[in-house]
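Encoded as structure tokens, the structure appears first; notes follow it.
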Amino acid sequence: MKKTALILTFAITALTVVDTNAQEVKKWSLYDCIDYALKNNIQLQKNKISEDVAETELKQAKAALLPGVTGNMTQSLNYRPFQKSASNFVNGSMTSSTSNKTTQSGNYGINANWTVWNGGINTNTVKSKQKGVEIARLASLEQANTIQEQITQLYIQILYSVDAVNVDKEILKKDSIAYTRGLEMLNVGKMSRSDVKLLEAAVNESRYTVVNAQTQVNNYKLQLKQLLELQPGEDMEISPLNSTGDVIALPVPDKMSVYYEALSSRPEILSSKYNIEASELQLKIAKAGYMPQISLTGGIGDNHMTGTNENFGSQMKYNLSGSVGLTLSIPILDNRQNKSAVEKAQYNRATASLDLSEKQKELYSTIETYWLNATNNQQRYIAAKSNVDSRRESYDLISEQFRLGLKNIVELTTGRSSLLQAMQDMLESKYTALLNIQLLKFYSGEEIKL
């Protein structure tokens, strides 16, 4: 009795451990995958750093509008080993004479420089850097959108592959039943051994197909884990859809409505527009090279020297001086630097405009492709679903007739192949339509939801 109790206790403990281990594998929804990737993707983190760099460059450009102030201090030691008589020295406003071979002097000053006007270079640079901040932010959004699309594609591909495995398992089950029936018919002399071998080969082929399909599922999961930046060795399971529903009932968004909405919200389009504005500012900056520049300078200085009749305090008092100046700089000949800079800026502006046109065309092409895939596969799904029903009914009838010896093996395998192809076509059209409808909604500004 005690032995039986121990065995039961051990079995319950083992089942508890197995159940605990099973619970450790997290089931990821599509929302979980996207949310985790947006927080942990390495490329997105790099883009965030690029945003910070752009912000720093903007602060630096704004600081260039303010005066620059520098302080300096110089301490000198002079040594004249072969001096025979006293020497005269000018120390600021004071003239001194000393016979010391060694003298020490100090110079102190504070200088300021402010660019009053330089043709708008500084102000336009600030505006250009502001565009750069927006472009960096949009680059992060564009990368985030790309990651969400990739995750959605992989996620739905996994769902499709899992269903494909179930289809292959269903065919394997039917092949196994047919093989068992073939062995029975062989034993009573109603089937040749070669035909039974064909049935056995079909079973082996189905087993291989199941293993291969499961391998594809694991491969897609690996790609998804890499995209999510999961830690090595961390396992994951995909949550099945709460309700697969009927993709025919899902409305396909109008492609032109999606396109116009995307033109006003997609980061790649907005970034291209900002690039045009930034290139126009760069052109203004280049043209400012032809204009005069005005700068204001000012400074205050003081100095002292040893070996004189005046003490340190007197020297610092009488040598204190200040200055202020206005500088006008007019470009006359610059070896074509300004003209080349203007031409390059014009080329960059033209390129930026072409980039926008190219982005708009690519956007429309992408949206139209998604729309065609969605609408076409919805119609394919209708036909495929009807075809599966008829093929399954036909195969079940052929299988029953084969069991009764009324159909041969060729008719059975033909019916099997037709059913398998029909089921695969139905799954493919179903998930392709689902994916492209979700992507169309995403391009129109909605969140991806399954």
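The values are calculated or read from the model by the stated rules, or taken from the named source; none is laboratory data. Note that the coordinates shown come from a computational prediction; the quantities given were computed from them, not determined experimentally. Note that we place each Cβ from the backbone using ideal geometry, even for glycine, and neighbour counts take in every protein chain shown. Keep in mind that these areas ignore ligands, DNA and RNA; they rest on the heavy atoms of the full protein, side chains included. Shrake-Rupley method; radii C 1.70, N 1.55, O 1.52, S 1.80 Å.
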Residue that is part of a helix (DSSP H, G or I) and not aliphatic (A, V, I, L, M), where the choices are E277, E310 | E277
Qualifying residues in segment 69-102 (those that are in contact with a Phe, Trp or Tyr (Cβ under 7 Å, 6 or more places away or on another chain) and at pLDDT 70 or above) - the one nearest to K317 (Cα to Cα) | M73
Could you please let me know if V25 is at pLDDT 90 or above and at negative phi?
-> no
Would you tally the residues in segment 28-45 being open to solvent by 60 Å² or more (accessible area, probe 1.4 Å) and either at pLDDT 95 or above or not in a helix (DSSP H, G or I) (or both)?
-> 0
Flag if G313 is surrounded by fewer than 16 Cβ atoms within 10 Å (Cβ to Cβ), of a type outside the set (F, W, Y), farther than 30 Å from Q282 by Cβ and modelled with pLDDT of 90 or more | no
Answer yes or no as to whether Y347 is outside any strand (DSSP E or B) and touching a residue at least 12 places away in the same chain (Cβ under 8 Å).
-> no
Any residue in segment 122-140 that is in contact with a strand residue (DSSP E or B) (Cβ under 7 Å, 6 or more places away or on another chain) and farther than 30 Å from Q75 by Cα?
-> yes
Filtered residues of segment 416-442 (kept if surrounded by 22 or more Cβ atoms within 10 Å (Cβ to Cβ) and either among the basic types (K, R) or at pLDDT below 90 (or both)) = L419, K430
L230 is checked against (1) out of contact with any helix residue (DSSP H, G or I) (no Cβ under 7 Å at 6 or more places or on another chain); (2) in a strand (DSSP E or B); (3) open to solvent by less than 60 Å² (accessible area, probe 1.4 Å) and fails just one. What number does that condition carry?
-> (2)
Which one of these does M191 not meet: (1) surrounded by 15 or more Cβ atoms within 10 Å (Cβ to Cβ); (2) in a helix (DSSP H, G or I)?
-> (2)
The listed residue being modelled with pLDDT of 95 or more and either on the phi < 0 side of the Ramachandran plot or surrounded by 15 or more Cβ atoms within 10 Å (Cβ to Cβ) (or both), out of A262, A288 | A262
Does K359 qualify as being at pLDDT 90 or above, touching an Asp or Glu at 6+ places or on another chain (Cβ under 8 Å) and more than 29 Å from E200 (Cα to Cα)?
-> yes
Those residues of segment 395-415 that are open to solvent by less than 70 Å² (accessible area, probe 1.4 Å), in contact (Cβ under 8 Å) with a residue 60 or more places away in the chain and not hydrophobic (A, V, I, L, M, F, W, C) come to a total of 4
Provide a single number: the residues in segment 351-394 that are among the β-branched types (V, I, T) and open to solvent by 60 Å² or more (accessible area, probe 1.4 Å).
-> 3
Can L222 be described as in a helix (DSSP H, G or I), within 18 Å of T152 (Cα to Cα), open to solvent by 50 Å² or more (accessible area, probe 1.4 Å) and of a type in the set (A, V, I, L, M)?
-> yes
Being surrounded by 11 or more Cβ atoms within 10 Å (Cβ to Cβ) and basic (K, R) is the filter; apply it to segment 318-350 and report the residue that is farthest from S271 (Cα to Cα).
-> K339
Answer yes or no as to whether V217 is in contact with a Pro (Cβ under 9 Å, 6 or more places away or on another chain), modelled with pLDDT of 85 or more and either outside any helix (DSSP H, G or I) or surrounded by 12 or more Cβ atoms within 10 Å (Cβ to Cβ) (or both).
-> no
